[in-house]
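Here's the structure we're looking at; comments come further down.
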Amino acid sequence: MQHPTPAIASAILAALITSGCTTATAGTPNTTTSSTTPTSDTTKDPLARVDPCSLLDQAVITANHLQSDTSGIGPGTRYCRWDTGASGVGYSLAINIYDQAGLDQLSTAGFTVTNYPIGSHQGRTSKDTVGHTCLVSIGVTSTSRVDVVGVDYGGQLDRACVVATTVAPAVEQKLPGGGS
């Protein structure tokens, strides 16, 4: 079995980071693009002023030998991504904030999705059925969520899920209403 190269795995992660569904429907995800920054009213969205890079403690970054890779804004999301190094061996981890897409807007096309309560929040795990990506989606409000995304460069879905499910509790504690 041939495993994806680090470039392919990074492309999969980039696609996840920069795509977003506008509605929850069966079939192919609707990935509209926009050149505008996601907007939020802080009275309606408690994530409006949260920097996705601030949701991962330095202790977690150090313990997992993560290096900051990229952060930015994609259609409907703000994200921060770390990698285990330039060699491409290992995995990458991303935290995506969706200010205007809750758990009900989570795309299920190409993923096996299960309920996964985390702390005091509702959540879902999504396992890529063809790739090696796993994410834990944490619902903050009915219209906002945070995704913790793991991609294993060795092509092992279970390892990608270990990354996402291990880091997600630390992220959840930093979210509004978290830590219970």
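The values are calculated or read from the model by the stated rules, or taken from the named source; none is laboratory data. Here the structure is a predicted model, which is why all the values come from computation and not from measurement. Positions of Cβ are backbone-derived with ideal geometry, glycine not excepted, and every protein chain shown enters the neighbour counts.
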Index of the failed condition, PRO117 passing every other in (1) over 13 Å from the mean Cα position of the chain (by Cα); (2) buried (at least 17 other Cβ atoms within 10 Å of the Cβ); (3) closer than 21 Å to ALA160 by Cα: (2)
Index of the failed condition, ASP152 passing every other in (1) surrounded by fewer than 21 Cβ atoms within 10 Å (Cβ to Cβ); (2) charged (D, E, K, R); (3) farther than 19 Å from ALA48 by Cα; (4) in contact with a Ser or Thr (Cβ under 9 Å, 6 or more places away or on another chain): (1)
Exclusive hit being surrounded by 20 or more Cβ atoms within 10 Å (Cβ to Cβ), under 14 Å from the mean Cα position of the chain (by Cα) and in contact (Cβ under 8 Å) with a residue 12 or more places away in the chain, set ASP99, ASP128: ASP99
Residue satisfying condition, being β-branched (Val, Ile, Thr), outside any strand (DSSP E or B) and either at pLDDT 95 or above or out of contact with any Leu (no Cβ under 8 Å at 6 or more places or on another chain) (or both), within set VAL162, VAL136: VAL162
Cβ pairs under 6 Å, 6+ apart, first in segment 70-83 and under 13 Å from TYR98 (Cα atoms) and in contact (Cβ under 8 Å) with a residue 24 or more places away in the chain, second assigned to a loop (DSSP other than H, G, I, E, B) and not hydrophobic (A, V, I, L, M, F, W, C): ILE73/THR37; PRO75/GLY20; PRO75/THR33; PRO75/SER34; GLY76/GLY20; GLY76/PRO38; THR77/GLY20
Filter result (closer than 15 Å to ASP128 by Cβ and assigned to a loop (DSSP other than H, G, I, E, B)) within segment 99-114: LEU106, SER107, THR108, ALA109, GLY110
Filter result (modelled with pLDDT under 90 and of a type in the set (Val, Ile, Thr)) within segment 70-99: THR70, THR84, VAL89
Test result for ASP57, at pLDDT below 95, of a type in the set (Asp, Glu) and under 12 Å from VAL171 (Cβ atoms): yes
Some residue of segment 156-165 being closer than 30 Å to LYS44 by Cβ and not small (Gly, Ala, Ser): yes
Tabulated pairs, segment 152-180, first at positive phi, second assigned to a loop (DSSP other than H, G, I, E, B) and surrounded by 15 or more Cβ atoms within 10 Å (Cβ to Cβ), C-beta under 8 angstrom, 6+ apart or interchain: GLY155/PRO4; GLY155/HIS132; GLY177/PRO46; GLY179/GLY119
